[in-house]
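Below you'll find the structure, written out as structure tokens, and then a few comments.
The values are calculated or read from the model by the stated rules, or taken from the named source; none is laboratory data. A quick note: this is a predicted structure, and the numbers were derived from the prediction, not measured. As a convention, Cβ positions derive from the backbone with ideal geometry for all residues, glycine included, and neighbour counts pool all protein chains shown. Just the protein is used for accessible areas: all its heavy atoms, side chains included, with ligands, DNA and RNA removed. Shrake-Rupley method; radii C 1.70, N 1.55, O 1.52, S 1.80 Å.
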There are 2 protein chains.
Amino acid sequence: MSHTLGIRQAQKQKTRKALLDAALALLEEQSLSSLGLREVTRAVGVAPTAFYRHFRSTADLGVALVEEALGSLHPMIRTTVSATGDPEERVARAIDLIARHVDGYPAHVRFIARERHGGVQPVREAIREQLARFAQEVRAELAKDPVSRGWSEDDLLMLAHLYVDQMLSTASLFLEALEGPEEERADRTSHVTQLATRQMRLIGLGRQHWLD
Amino acid sequence: MSHTLGIRQAQKQKTRKALLDAALALLEEQSLSSLGLREVTRAVGVAPTAFYRHFRSTADLGVALVEEALGSLHPMIRTTVSATGDPEERVARAIDLIARHVDGYPAHVRFIARERHGGVQPVREAIREQLARFAQEVRAELAKDPVSRGWSEDDLLMLAHLYVDQMLSTASLFLEALEGPEEERADRTSHVTQLATRQMRLIGLGRQHWLD
DNA sequence: CCATGCAGTTAACAACTGTTCTCTGGAATT
DNA sequence: AATTCCAGAGAACAGTTGTTAACTGCATGG
């Protein structure tokens, strides 16, 4: 059950969210390591010192953004890789879900792609952790599939990492298509869909013949 | 033939190289978008204004770093994917070459991984271009292989991109292993080798059965 | 109802940034 | 030998940064 928090705490959460949103917007054109705290507070319309009530530093804010961007994604992952329907349909469904997610949360996707190898160690670490969790969940889902009979745990995790990387790469391509000029968008999006579909299909083939 | 350039031009190239080296070193702990020109000149021991004799901005310097990091890599790519020896041996050879490259030029690898999706558009563009060239070269090399008989150009390029992404991902993992504490290095490196080997092998299997 | 807590403000700090203009010494050209 | 060129130096600029301290006003808990 949800405890209705006082008008005080509510207001605090509101400015906190405003700081996160402003930061995310500013990060579309730069990296976290160059994001200044004054820049963020200015965008929100709040005094620079107010920042410290919510975050120790911009790196700290970055870690919070990782939670926001990836924390809520776990249920989606599960259904994406779930072993229902024929393989070809599952691939199409997964890619469609990725496309929708990029469409709905482009700034989050950009942030993760950018900061995964970015210049701020704690943020890299947080992303690494979340992606490792994703890989574990994908592994668990793959294990349910009859195709995985006879696979070692290690090999399942290997494949799961391959899938996670592939998803991120695809998401990044969708994002680039989204960023381009409006009249090219449809073409580029369908091109990415087609590319990603065939790559997924090829990996699926490798999976089927792994135990040969 | 090489024209021996005067002592004037030589000195200029020397400071230019010093600026690039200093920048690369500074970029181990931050992103290009937060790299200041004064920071770089200070590290070299040269006046801030001297920077302008070589680069218009730090973004410009970043593009030059992309050339330095990836420009000289094309001959290596060719031999890496060359279709000699049995498949298993080729995989091992490719991964070994990646490991050696990361060992020899860790800062370059880190720079590319970091700025590929980084906050500086011209640099992203430059990396995208170079990687596209790599993919084209890999495609050409794959086409020579008898296994590729009957493949469409599009499908070959699709696979080439998959290989290029996989190489970069592997390089990044080797780098992380290299950055960790010395006593874990050997274990982590061999773990990455083993993981990458199996992923490459699985992709290879998918490749063999593509036309089924 | 009153005392406490605490989100956000104001003001000030030393340090730093990119960029401009002017100057200098020595290599390059004639 | 005289002249031009130009990589780098030096000084100054307005603007920015993170962090500190002391404050204010209002929601909260006793």
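Side notes on the structure shown:
- Heavy-atom SASA rank of B:ARG16, B:ARG90 (probe 1.4 Å, accessible area, largest first): B:ARG16, B:ARG90
- Cα-derived Rg over Rh, computed across region A:56-158 with Rh taken as Kirkwood radius: 1.03
- The charge dipole of region A:42-194, taken about its Cα centre with unit charges on the Cβ atoms of Lys, Arg (+1), Asp and Glu (-1) only, comes to about 620 debye.
- To the nearest ten degrees, helix B:58-70 and the longest principal axis of the Cα atoms of chain B are 40 degrees apart.
- Compared with the dominant principal axis of the Cα atoms in chain A, helix A:121-144 is inclined by about 30°.
- When B and A come together, around 3000 square angstrom of accessible surface is lost from both chains combined, probe 1.4 Å.
- Nearest-first distances (nm) between copies at B:GLN194, label 7 Å from Cα via Cβ: 4.1
- Overall dimensions of chain B as given by Cα atoms, namely Rg and Dmax in Å: 19.7, 64
- Its Cα centre serving as origin, region B:7-56 has a Cβ charge dipole (Lys and Arg +1, Asp and Glu -1) of approximately 460 debye.
- Three principal axis lengths of the protein assembly as shown [C-alpha, angstrom, descending]: 77, 61, 53
- Rounded FRET efficiency, nearest 0.05, which uses the C-beta distance separating A:GLU125 from B:ARG42 and R0 of 25 Å: 0.30
- Rounded to 10°, Cα long-axis angle of helix B:153-179 versus longest principal axis of chain B: 60 degrees
- Label distances, nm, B:ASP60 versus same residue in remaining copies, Cβ-directed 7 Å point: 3.9
- Starting from the label point of A:GLY150 at 7 Å along Cα→Cβ, the same points in the other copies fall at 2.3 nm, in ascending order.
- Descending Cα extents along the principal axes, region B:7-56, whole Å: 35, 18, 18
- Accessible surface of region A:7-56, 1.4 Å probe, proportion on carbon and sulfur as whole %: 49 percent
- Here region B:1-121 yields Rg over Rh of 1.07, to two decimals, using C-alpha coordinates and the Kirkwood radius.
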